[in-house]
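Novice: Sharing a structure, written as structure tokens. Questions coming.
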Amino acid sequence: MPTDGFMYPNEIELQWSVLIVLYPFLTGLVAGAFILASLERVFRVEAVKPTYRLALLTALAFLLVAPLPLQLHLGHPERSFEMYLTPHRSSAMAMFGFVYLWYLMAVLVLEIWLDYRRDIVVLSQTTTGIKRLLYRVLTLGSSNISENALAIDNRVGWVITVIGIPSAFLLHGYVGFIFGSIKANPWWSTPLMPVVFLFSAMVSGIAAVLLLYMLLNRLRKQPSDIRCVDTVAKYLFYMFIIDFSLEMVDLIHRIYESDESFRSLDFMVHTRLFLSQVVIQILLGTVLPIVLLALTQVARLSEIARKRIYVFAGCLTLIGIFAMRWNVVIGGQLFSKSFLGYTTYKMGFATKEGLLPAIVLTVLPLFILWVLVKVLPPWSEKETAPVSAAVAAN
Amino acid sequence: MKLKDAAHLFRLAGVFAAGILIFILVRSYLVPKSFGQYGHFRGDALTEIKAQPISYAGHQACEACHSDVLDLKSKGKHAQVNCEACHGPLAKHADDPGGVTPEKLDTAKLCVRCHEANSAKPKKFPQVASMEHSGGLACNECHTPHSPAIVTEGGKK
């Protein structure tokens, strides 16, 4: 039975599919990864330095894929650039193009370029063939890597990161705003939505970088810097506490307020959303990782035990945050505006907005990240020493 | 700070400036001249739409010739349904009744557009689960589409 009770005609089929679930999930990873990178750059948290470059590349890889779910959902990708040509300033969705472009070009690409400029110049002199050509283009014809030039890069990079933090907030706060500002939908309409989205973004981004850092080190057969991993996990724990508290504030507020939509939404949470919201999002995806991370903070555990807990908690966190996006996007479309009926979301598999494209779009950033890591290795000075030695020899 | 140490930043600024310049040039070429004339759309679109040929004749044109159908229809539940809502746009037929013959309609597909059961429809609106109701049989095998109620001994159905 696809529907229960009374539904208005335009409510029976969901308009926003799993791809619209994926979109805030991907942008959240971008914003979170960038905030983690800024910890080192702006807030001078030296311990997380080994993840700095990886966090920036992760943010870029996911940001490049973030608009693709929207393109697939909307169709006609050839028309999408028109939002730049004839911007509709009264539409928040239409303004996304500018938020996206600002964040991509004025923040992320610029910061990565400045941070990697020394490496790019070195690589343009030590590589051959197409790679050399690529690096030479990336140098923009300037091979000045004197101390003064690098000091300028460092200062400008710092300024860009400072601008980047509110930009990352804007990017993901915007996504929360899109839902929070829909006053016709009581499941979405709350001013807390952008804030909750933002903190959940930080949680997911930090967890993703933590997992990727440990995975890449494992693939490279290099040990992960345990001090770094511990510090990142500590920030993940703090962010999670704030995120969970905010979600609980929202929940308590809704329960106490008990407006006309409450009974209908409460029924939905106890029936159609029980598995995805109560079990996956809250219990498995939030409470369990918080307990696990708290355990690493209070108990004396061995290095290997801590790392295993971080991996397990990180995976649960990503599943939990994805479930949160799912419950917001899909949950907000399952009940009738009449509060008298409920519908069901049927996800296709190999359709334009089905499970298969969603899986492809989730894996694609990892593939892009792999390419980026090959082109711009995020490893520390010591590990790139042979390259520097080769330059010195030349 | 020496200026030459920041030369690469000027080059970068140059790349950005070139990008913005290209954007402005592309924009001036691609955005139609009449865009924004009346609102956030292409002003010429109105003239183009106005110039399109008329497709619908209107029910008065149909009724001028098909008065027998009008009599039948006006007594039934479909009295307020316009002819072309089911038969489609027929301005060409109205202009040249002998030359352009309207297509025969497949009632098995046509009627369910409105009358297929759906929980969103008001309960008093006539609706059936068509496969259970007729097993894919064309509706006009039993109903007269212009006045669809079936009169039985017990009254209308």
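The values are calculated or read from the model by the stated rules, or taken from the named source; none is laboratory data. It should be emphasised that the depicted structure is a prediction, and the values quoted were computed from it without experimental measurement. So basically every Cβ, Gly included, is an ideal-geometry build from the backbone, and we count neighbours across all protein chains shown. Just so you know, the surface numbers come from the protein's heavy atoms only, side chains and all, with ligands and any DNA or RNA stripped out. Shrake-Rupley method; radii C 1.70, N 1.55, O 1.52, S 1.80 Å.
Novice: What are the aspartates and glutamates whose alpha-carbon lies under 17 Å from the alpha-carbon of B:Lys104, with same-chain residues fewer than 8 places away excluded?
Specialist: Counting by Cα, and skipping residues close in sequence, B:Lys104 has these aspartates and glutamates nearby: B:Glu84, B:Glu141.
Novice: Can you tell which of A:Leu63, A:Thr286, A:Leu171 lies farthest toward the positive end of the dipole of region A:4-384, using +1 and -1 charges on the Cβ of basic and acidic side chains (Lys, Arg; Asp, Glu)?
Specialist: A:Leu63
Novice: Could you go through region B:12-23 in sequence order and give the Karplus-derived ³J(HN,Hα) for each residue, using 6.51 cos²θ - 1.76 cosθ + 1.60 with θ = phi - 60°, rounded to whole Hz, and x for Gly and Pro?
Specialist: Ordered by residue, 3J(HN,Hα) equals 4, 4, x, 4, 5, 4, 5, x, 5, 4, 4, 4 Hz.
Novice: Quick check on the protein assembly as shown: helices-only [θ] at 222 nm, where DSSP H runs of length 4 and up contribute -39,500 (n - 2.57) each and the sum goes over total residues. Nearest 500, please.
Specialist: Here the helix-only value at 222 nm equals -19000 deg cm²/dmol.
Novice: Determine which aspartates and glutamates satisfy two conditions relative to A:Lys352: a Cα distance under 17 Å, and not lying fewer than 8 residues away in the same chain.
Specialist: Here the aspartates and glutamates satisfying the reach criterion relative to A:Lys352 are A:Glu13, A:Glu78.
Novice: Are there any helices in chain A, counted as whole DSSP H runs, that stretch 30 Å or more along their axis by Cα and score at least -0.5 on average by Kyte-Doolittle, and if so which?
Specialist: What comes out of the filter, once short or polar helices are dropped, is A:18-41, A:147-180, A:193-219, A:226-257, A:303-329, A:355-375.
Novice: How many angstrom separate the Cα center of region A:41-95 from the Cα center of region B:68-98?
Specialist: 54 Å
Novice: Over 22 Å between C-alpha atoms is what I'm after, so list which of A:Lys183/B:Lys124; B:Lys77/B:Lys123; B:Lys75/B:Lys109; B:Lys75/B:Lys124 land there.
Specialist: Pairs exceeding the cut-off: A:Lys183/B:Lys124; B:Lys75/B:Lys109.
Novice: Also: Using amide H atoms built 1.01 Å from N in the peptide plane, name the residues 5+ places from B:Phe35, or on other chains, whose amide H lies under 5 Å from its own.
Specialist: B:Gly43
Novice: Cα to Cα, under 30 Å, and not fewer than 8 places away if on the same chain: which lysines meet these conditions relative to B:Lys4?
Specialist: A:Lys49, A:Lys131, A:Lys382
Novice: Report, by chain and number, residues whose modeled amide H sits under 5 Å from the one on A:Ser224, excluding near sequence neighbours (fewer than 5 apart, same chain).
Specialist: The answer is none.
Novice: Give, as a single signed number, the net charge of other residues whose beta carbon lies under 14 Å from the beta carbon of A:Tyr310, with Lys and Arg counted +1 and Asp and Glu -1. All intermediate terms of the calculation are to be shown ahead of the outcome.
Specialist: Values: positive: A:Arg218, A:Arg227, A:Lys234, A:Arg306, A:Lys307, A:Arg308; negative: A:Asp225, A:Asp230, A:Glu303.
Surrounding charge for A:Tyr310 is +3.
Novice: Taking the Cα centre of region B:105-147 as origin and charging only Cβ (+1 Lys, Arg; -1 Asp, Glu), how large is the dipole, in debye to the nearest 20?
Specialist: My answer is approximately 260 debye.
Novice: OK, next. Using the crude model of +1 on Lys and Arg Cβ and -1 on Asp and Glu Cβ, and no other charge, please compute the dipole size for region A:239-394 relative to its Cα centre, in debye to 20.
Specialist: That gives region A:239-394 a dipole magnitude of about 460 debye.
Novice: Let me ask something additional. Could you sort B:Glu103, B:Glu141, A:Glu257 by their accessible area in this structure, using a 1.4 Å probe and putting the largest first?
Specialist: Values: B:Glu103 160, B:Glu141 125, A:Glu257 105 Å².
So the residues, ranked largest to smallest area, are B:Glu103, B:Glu141, A:Glu257.
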